[in-house]
Amino acid sequence: MTSRRSFLKAASTGSLLATLGPRAARTADLRLNEIEARIARRDFRALIKEDLPTPSLILDSEIFDQNLRRMAEHSKATGLKLRPHVKIHKSVDVARRQLGLGAIGLTTATIAESELMSSSGLKGVFWTRQPAGRNNITRAVALSKRDSTFLLVVDDPIIAELVEQAAASAGARCTVVVDVFAGLTRHGMQSGRPALELAQKVDASKHLRLHGLMGYSGGASHTRGWEERRKKSCDDLAGLLETVELCRKSGLPVNIVSGGSTGTYNIDTENGLTELQCGSYIFMDTGYRKVGGKSNAAVYDDFGAALTVMTTVVSKRHPNQCTIDAGNKALLRPTDEAKGMPWITVENQGAEYGILKWKDGDRDLKLGERVELYPTNLDMSVNVYDRIYVARGEQIIDVWPIMGRSGAPQR
Ligand SMILES: Cc1ncc(COP(=O)(O)O)c(C=O)c1O
């Protein structure tokens, strides 16, 4: 691989170094293996964005901290607990910060995420996809045995039975939440009597402990317009709340009623949930920003866009456009947006290339210039990188591995 040093050395015979400015000489001295050694030692002094390879993920620490605090304050003010979804970041470092600000646990999509968070000492992990198949059931039971704070869901009596049998033979007891349909046809037992009967079955199972109910109104989260979103969320969650009542009347324990998303965090305070599973709020993406907020109908700006994919301009052979080093493999989308450059539109050009275009002839980008893009769907984008570079301004202040992607034994 050609190092940035040799690239810049070669380029310096022309005008590139001059174009890039004084930082370029400094960058040329900072060889890639030195950067890696420093990251391994957690010595981030004098490490700046320009030293980093591209494409890479950059987190604006200030905006990230504001997002964390804002949701934590909302949770305190409303009494609605927070169990943030980790599929957005798959990062133990991020999860620790969420818990540090008062989150009661973490919500996960996969057993691997659950194992990762739990084995990192983080408590209250709630796996919201029911275990099906021998591998997942065995792992969920084993995790329940190791970590009594681990919660799993079922939406089917067949799975409740299989988990009961596996728990019996492992000598384990699993804490179970019944997943109730809330408008998203991908999962959830039909609300009302069917969900009540499933809850009763769980409660009656010797090796299962009924903990409560959940309902994820995934269609509400990205509904455009706050009032429309509110209506959709309330409609979707009505069956869940009816089931909560039925369960309570039948004397079943309903310690938690879990659900919600970033899009409905300030809506689900009014429809009976006891805890929120919001995830995207920590980073935000262009998909979310378009849905509009309560106070700003045009842009959902309750939480700031903290995460970008940093790219480099690698070719400029045509007017009003340039090529960057991020394409399909970096999940570049035409709906991505360039940070601080609203005049730019994004186009895909292949596996490793993207195109940035602009109409205004007075504008220009330089060869070697860094352009940061706000991703369209951040949890997909995060999943193609191994680390998050945390930045304060130009300075890198931390590097967080995305362990749920590369560190977990299996997804
Ligand atoms: C079950 C569940 N809960 C919560 C969330 C978090 O939603 P958001 O990232 O919109 O906050 C998701 C995201 O897909 C989810 O699948």
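Values computed for the structure shown
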| quantity | calculated |
| --- | --- |
| Entries of Lys231/Lys339; Lys49/Lys329; Lys87/Lys201; Lys316/Lys339 with Cα pairs more than 24 Å apart | Lys231/Lys339; Lys87/Lys201 |
| Debye intensity ratio in log₁₀ form over the Cα atoms of the range 74-179, taken at each q of 0.15, 0.17, 0.19, 0.25 Å⁻¹ | -0.59, -0.74, -0.89, -1.33 |
| Amide H contacts of Cys174 (H built 1.01 Å from N, under 5 Å, at least 5 apart or other chain) | Leu208, Arg209 |
| Charge tally in the Cβ shell below 10 Å around Val291, where Lys, Arg are +1 and Asp, Glu are -1, Val291 excluded | +3 |
| Cα-based helix-to-principal-axis angle, 157-170 vs the chain, degrees rounded to 10 | 90 degrees |
| Cα centroid separation - the range 104-130 against the range 190-226, whole Å | 18 Å |
| Carbon plus sulfur fraction of accessible area for the range 304-411, probe 1.4 Å, in percent | 49 percent |
| Net charge contributed by nearby residues that have their C-beta within less than 10 Å of Asp147 (K/R +1, D/E -1) | +2 |
| Debye, to nearest 20: dipole size of the chain, +1 on Lys, Arg Cβ, -1 on Asp, Glu Cβ | 740 debye |
| GNM result for the chain, Cα springs below 10 Å: residue of Leu162, Leu57, Leu373 fluctuating most strongly | Leu162 |
| Candidates Ile158, Ile137, Ile355: whichever shows maximal mean-square fluctuation once the chain is modelled as a Gaussian network with Cα springs under 10 Å | Ile158 |
| Thr138 accessible area, assembled protein chains, probe 1.4 Å, Å² | 80 Å² |
| 5 angstrom amide H check on His85, placed H, neighbours 5+ away | Thr107, Cys278, Gly279 |
| Principal semi-axes in Å for the chain [√(5λ), Cα gyration tensor, largest first] | 44, 24, 17 |
| Interchain or long-range residues, amide H under 5 Å from Val299's placed H | Gly293 |
| Accessible area of Ile397 in the full protein assembly, 1.4 Å probe (Å², nearest 10) | 50 Å² |
| Degrees between helix 134-146 axis and first principal axis of the chain (Cα, 0 to 90, nearest 10) | 80 degrees |
| The range 218-289: trypsin sites (Lys or Arg not before Pro) falling in loop per DSSP and having at most 12 other Cβ within 10 Å | Arg224 |
| Peptide ranges 180-186, 212-218 listed from the most packed, as the mean C-beta count within 10 angstrom indicates | 212-218, 180-186 |
| In degrees, nearest ten, helix 193-204 long axis to first principal axis of the chain (Cα) | 80 degrees |
| Solvent exposure, largest accessible area first (probe 1.4 Å, DNA, RNA and ligands not counted), of His207, His89 | His207, His89 |
| Solvent accessible area, Å² - Leu99, 1.4 Å probe, full protein context | 40 Å² |
| Residue with peak Gaussian network fluctuation, the chain [Cα springs, cutoff 10 Å], from Asp285, Asp93, Asp362 | Asp362 |
| Calculated from backbone phi, Karplus (6.51, -1.76, 1.60) coupling profile of the range 328-338 in Hz, x at Gly/Pro | 4, 5, 8, 6, 4, 9, x, 8, 5, 10, 7 |
| Estimated [θ] at 222 nm from DSSP helical runs (n ≥ 4, -39500 (n - 2.57)) normalised by residues in the chain, nearest 500 | -10500 deg cm²/dmol |
| ³J(HN,Hα) computed for each position of the range 36-50 - Karplus, 6.51 cos²θ - 1.76 cosθ + 1.60, integer Hz, glycine/proline x | 4, 4, 5, 5, 4, 7, 6, 9, 9, 4, 6, 8, 10, 3, 5 |
| The range 64-289: Cα Rg divided by the 2.2 N^0.38 Å rule of thumb | 0.96 |
| With every protein chain in place, the range 64-289: carbon and sulfur % of accessible area (1.4 Å) | 49 percent |
| Per residue value of the accessible surface for the range 50-125 (all protein chains in place, 1.4 Å probe), Å² | 34 Å² |
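The values are calculated or read from the model by the stated rules, or taken from the named source; none is laboratory data. Because the structure is predicted, anything quoted here is derived from the model rather than measured. Note that we place each Cβ from the backbone using ideal geometry, even for glycine, and neighbour counts take in every protein chain shown. Note: accessible area is taken over every heavy atom of the protein model, side chains too, but ligands, DNA and RNA are not part of it. Shrake-Rupley method; radii C 1.70, N 1.55, O 1.52, S 1.80 Å.
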